[in-house]
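**Q** The structure under discussion is supplied below as structure tokens; questions concerning it will follow.
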Amino acid sequence: MKTLKWGAGLALAMVLAALPVLAQDAAKKEPPKPPQSPSAEVLEQWNEIGRKLVAIAEDLPEDKYDYKPNPDSRTFQGVLLHVSASMYYFTDPAQNKKPRYTDDPKPADLKISSKADVVAFVKQCVKDGADVIKAKGDKGMNEAVNAGGPRLNRVGDLAYGLIEHSGEHYGNLVVYYRINGMVPPESRPKK
């Protein structure tokens, strides 16, 4: 009887040990998808950081929009307006235009008076950038444009620079959440 239990236990252990290997073999049967085109890759990254910015803008209670961790910091709203308006440092030069907003636009200059206005502005900035990326396509990602710096920039590189900038400020907004004892949308358990 002991031998039977021991043998059954050994067989069960072997089956359980083999499951990860079998799962890996099953996963290997599907070849990886081909890479996306250059513009599709830029668009995916642009939309991903845009989605996070919109989610955090929609989620934070309006009474926290004026919060700032110290007197020298931007408010939560100020960070959102800065990062969103800065997207036009990609969108406009990519269309051979001067950026339409300053680095720190004031709510009054943007005709913003509520959380709903801020959320709408963030959404519009993300959409406008996505529209330019789609219009430029793969060929347009390599076009050289004057973004006002010491040298010309490729459209795709300019987009990635603004994606990185947006991600850095998204991190600021996450810290603002945490300081207020709140959990940002991206850090909550997924349903």
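**Q** When you go through L152, L173 one by one, which is the residue that is of a type in the set (A, V, I, L, M) and surrounded by 14 or more Cβ atoms within 10 Å (Cβ to Cβ)?
**A** L173
Each row is one residue, and each column tells you yes or no for (1) more than 30 Å from P61 (Cα to Cα); (2) assigned to a helix (DSSP H, G or I); (3) at pLDDT 95 or above.
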position	(1), (2), (3)
D109	no, no, no
A120	no, yes, yes
K127	no, yes, yes
A130	no, yes, yes
A147	yes, no, no
P150	yes, no, no
L158	yes, yes, yes
Y177	no, yes, no
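**Q** Here's a follow-up. Taking into account only those residues within the range 49-108 that are among the hydroxyl-bearing types (S, T, Y) and under 21 Å from Y177 (Cβ atoms), which is surrounded by the fewest Cβ atoms within 10 Å (Cβ to Cβ)?
**A** Applying the first criterion (among the hydroxyl-bearing types (S, T, Y)) to the range 49-108 yields 65, 67, 73, 75, 84, 86, 88-89, 91, 101-102.
Of the ones still in play, those that are also under 21 Å from Y177 (Cβ atoms) are 65, 67, 73, 75, 84, 86.
Working: Y65: 17, Y67: 16, S73: 14, T75: 16, S84: 27, S86: 22.
Among them, the one singled out is S73.
**Q** Go through V126, V183, V132 for me and flag whichever is closer than 30 Å to K64 by Cα, among the β-branched types (V, I, T) and crowded, with 20+ Cβ neighbours inside 10 Å.
**A** V126
**Q** May I pose another question? Give the range 135-149 a look and list any residue that's within 19 Å of K98 (Cβ to Cβ), among the small types (G, A, S) and loosely packed, with under 15 Cβ neighbours inside 10 Å, or say none.
**A** Answer for the range 135-149, where residues must be within 19 Å of K98 (Cβ to Cβ), among the small types (G, A, S) and loosely packed, with under 15 Cβ neighbours inside 10 Å: A135, A144, G148, G149.
The values are calculated or read from the model by the stated rules, or taken from the named source; none is laboratory data. This structure is a prediction, so every number in the text was calculated from the model and none was measured. Backbone-built Cβ (ideal geometry, glycine too); neighbour counts: all protein chains shown.
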